[in-house]
1. Any idea which of Thr98, Thr133 is in contact with a Phe, Trp or Tyr (Cβ under 8 Å, 6 or more places away or on another chain) and surrounded by 16 or more Cβ atoms within 10 Å (Cβ to Cβ)?
2. Determine whether segment 129-141 contains at least one residue that is in contact with a strand residue (DSSP E or B) (Cβ under 7 Å, 6 or more places away or on another chain) and either of a type in the set (Phe, Trp, Tyr) or within 30 Å of Ala55 (Cα to Cα) (or both).
3. Mind telling me which of the residues Asp218, Asp193, Asp181 ends up being in contact (Cβ under 8 Å) with a residue 24 or more places away in the chain, farther than 17 Å from Cys101 by Cα and crowded, with 19+ Cβ neighbours inside 10 Å?
4. Looking at Phe176, is it among the aromatic types (Phe, Trp, Tyr), within 18 Å of the chain's Cα centre (by Cα) and under 30 Å from Ile94 (Cβ atoms)?
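Derivation of every value follows stated rules applied to the coordinates shown; laboratory data play no part. Small disclaimer: the values here were computed from a predicted structure and weren't measured. Reconstructed Cβ throughout: ideal geometry from the backbone, glycine too, with neighbour counts over all protein chains shown.
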Amino acid sequence: MKIYGLQKLTLLDFPGKVACTVFLNGCDFRCPYCHNYDLAEGRAPALMEGEELLAFLKKRTGLLDGVAITGGEPCLHQGLPELIRKIRDLGFAIKLDTNGCHPGFLSGLLEEGLLDYVAMDIKNSPEKYALTTGLADPAGGEQKKKPDLSSIRKSISVIMDSGVDYEFRTTAVREFHEAEDFHGIGKMIKGADRYFLQSFTDRDSVPFGGLHAPSPQDLAQYLGIVSAYVRDARLRGTD
């Protein structure tokens, strides 16, 4: 399978590990604040084949602990399990980033013991999922496609019941999030071990202009709300 991006070293993407980050293309969503929109739309050119990635990893044995696989949405790729098996055979731990749209595929990876850490994005409260994921018109809220919230909820359950280390996370955008939304988010992941709230950062790769980060006061309020529902809730990227 094809690889669409590679960050050769990261101390941030895989908690507790020195890792590299592998990017795959395609996504179920078109989040207006996405940093990897070209990947989501499938416009980005492939960087290398899977075998080239494995050759790179062989040279990093003993230097890297793990591989973080992100996108886009990795679970769209049917060749992902085989790629992960080969990476694990080289001795690397695997972290998977997912949007939660493919609980069956995710469950298969977990049941086979292919994942060491899972990070799932919780985009917003159920009522605003379509808007926040680009499935509704931001100007008028007209829904283009209904998000499959049953799959999102199933993925949450699969992850929490897996026995694998995990986190849920939300990128807060002033134009899409307000305090009440975080009660909805908290109810979706009630009882979870770990949740991170991170603030939107504008970049050239973000598809829509005019988006802003919440104020530090708003972020603190949002975190306080979710903290009532989960065991460990923290801000990320504010230092």
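1. On the way: Thr98 fails: in contact with a Phe, Trp or Tyr (Cβ under 8 Å, 6 or more places away or on another chain).
From the options Thr98, Thr133, the qualifying one is Thr133.
2. First, pick out the residues of segment 129-141 that are in contact with a strand residue (DSSP E or B) (Cβ under 7 Å, 6 or more places away or on another chain): 130, 135-136.
Within this subset, residues satisfying the condition of being either of a type in the set (Phe, Trp, Tyr) or within 30 Å of Ala55 (Cα to Cα) (or both) are none.
Scanning segment 129-141 turns up no residue that is in contact with a strand residue (DSSP E or B) (Cβ under 7 Å, 6 or more places away or on another chain) and either of a type in the set (Phe, Trp, Tyr) or within 30 Å of Ala55 (Cα to Cα) (or both).
3. Details: Asp218 fails: crowded, with 19+ Cβ neighbours inside 10 Å; Asp193 fails: crowded, with 19+ Cβ neighbours inside 10 Å.
Among Asp218, Asp193, Asp181, only Asp181 is in contact (Cβ under 8 Å) with a residue 24 or more places away in the chain, farther than 17 Å from Cys101 by Cα and crowded, with 19+ Cβ neighbours inside 10 Å.
4. On the way: among the aromatic types (Phe, Trp, Tyr): yes; within 18 Å of the chain's Cα centre (by Cα): yes; under 30 Å from Ile94 (Cβ atoms): no.
When the stated conditions are applied, Phe176 does not pass them.
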